[in-house]
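Nothing in this text is a laboratory measurement; each read-out follows from the coordinates by a stated rule. As the structure is a prediction and not an experimental result, all values here were calculated from the model. Quick reminder, even Gly has a Cβ in these numbers, built from the backbone with ideal geometry, and neighbours come from all protein chains shown.
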Amino acid sequence: MSNEIVNFRGDPLFRSDANMLQEIESLVNERFKLVRRNQRGERLSFTIRNFRVRDLTIYKVKIDKLPDSIGNLTMLKKLEVDGNMMEMKDQFGLKMLPDSIGNLLMLKDLDLYANALVKLPESITRLKNLRRLNLSANYIDELPELFGRFNSLEVLKLHWNKLRSLPESFGNLDKLKFLHLASNNLNSLPDSFGNLNSLEELYLTDNHLISLPESIGDLSSLLLLSLSSNNLTSLPESIGNLKSLIKLDLSAIKISSLLESIGNLKSLRLLQLYQIPLTSIPKSIERLKRQGTTITDLYIRDYIKDPES
């Protein structure tokens, strides 16, 4: 990598960074715009700090690959390759990332929303400083076995993919606060899932889950849990251990009764039960009503006794 400083359209920049920008420009037949701060709407833009590219945006352009030279941007903090899915007969947009993506060791924010990615290179797990990762709206069917190495990750968006399972190492993401896994093909979660003790929001809507691990009750920081539109016929008793939970969505799953332990959710303010053919209701549900929990389901509402009556 060259550390020679050159003039890139009026601004000083490392030659290696300037060459990479020009390489992408030749791929998409458009020019980058230097901006003072990262802003939504620019199709190709970048920011500079200390003669190095700090933020890079490639937004809604027709691109089917990133050059290997992307790995030369070793001071990059934020990379957005966003909304670049294109449909031209049988041709789609960005399907893979170069192995050199693993060289971006300073990267904190990686947004790859709405591309055509199928797999991720193992090298991506070297990005130990990553705090936010958006992989939603792709075609990813599996994650690298070492995915749990992202031990600084706080926000992870994986919805609208084709994931069938999660690696056991997933439970090592112990700083994760927000996890969106809706609209995949998941039928189970690893036992290690309960190790995500910083997790506050968990979206599992619209998968094929048939069971949950007992360890889900160990998610002591969890505030929101969405399980709607799955194939769950039962829930683990440990759900009642989620003492911080404020919102629980069980709509459109296949249970016929609620757990007695659900009444232990002392912080719960909203329980959603739409489209569940319940045949029995535990007495503990009255504790939820007394503490002010809103229960949204017309089919069972008439069966919940008013404690005042």
(message) Need one number: nm distance between label points at E142 and R290, each 7 Å from Cα along Cα→Cβ, rounded to one decimal.
(response) 5.1 nm
(request) From the P(r) of the chain, can you give the percent of Cα pairs sitting at distances over 25 Å? (result) 55 percent
(request) Note the full-extension length gain between K283 and T233 as 0.36 nm times their separation in residues minus their Cα-Cα distance, in nm to one decimal. (result) 16.0 nm
(message) Give the aspartates and glutamates whose C-alpha is closer than 15 Å to that of K33, dropping any in the same chain fewer than 8 places away, or say none.
(response) D11, D17, E23, E25, E42, D55, E80
(message) What does the extension gain come out to for D11 and D174, with contour length at 0.36 nm per residue minus their alpha carbon separation?
(response) 54.6 nm
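When only C-alpha pairs under 8 Å and at least 6 residues apart count, what is the relative contact order of the chain, in percent? Could the numbers behind the result be given before it?
Numbers: 824 pairs, mean separation 22.7, N = 309.
The value is 7 percent.
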(request) Express in nm, to one decimal, how much length is gained between R36 and V118 on full extension, taking 0.36 nm for each residue of separation and deducting their alpha carbon distance. (result) 26.2 nm
(request) Using θ = phi - 60° and the Karplus relation 6.51 cos²θ - 1.76 cosθ + 1.60, list the HN-Hα couplings for segment 183-193 in order, rounded to whole Hz, with x at every Gly or Pro. (result) 6, 10, 10, 5, 10, 7, 10, x, 4, 5, 4
(message) What are the ³J(HN,Hα) couplings of segment 64-78, residue after residue, when phi is run through the Karplus curve with 6.51, -1.76, 1.60 and θ = phi - 60°? Round to Hz, x for glycine and proline.
(response) 10, 7, 9, x, 4, 5, 4, x, 7, 7, 6, 9, 5, 9, 9
(request) Would you mind computing, in nm to one decimal, how far apart the modelled labels at S211 and R269 are, each placed 7 Å from Cα along Cα→Cβ? (result) 3.5 nm
(message) Quick check: the angle from helix 15-28's long axis to the longest principal axis of the chain, C-alpha only, nearest 10 degrees?
(response) 70 degrees
(message) From the phi angles alone, apply the Karplus equation (6.51, -1.76, 1.60; θ = phi - 60°) to segment 123-131 and give each ³J(HN,Hα) in whole Hz, x where the residue is Gly or Pro.
(response) 4, 5, 6, 7, 7, 5, 8, 5, 10
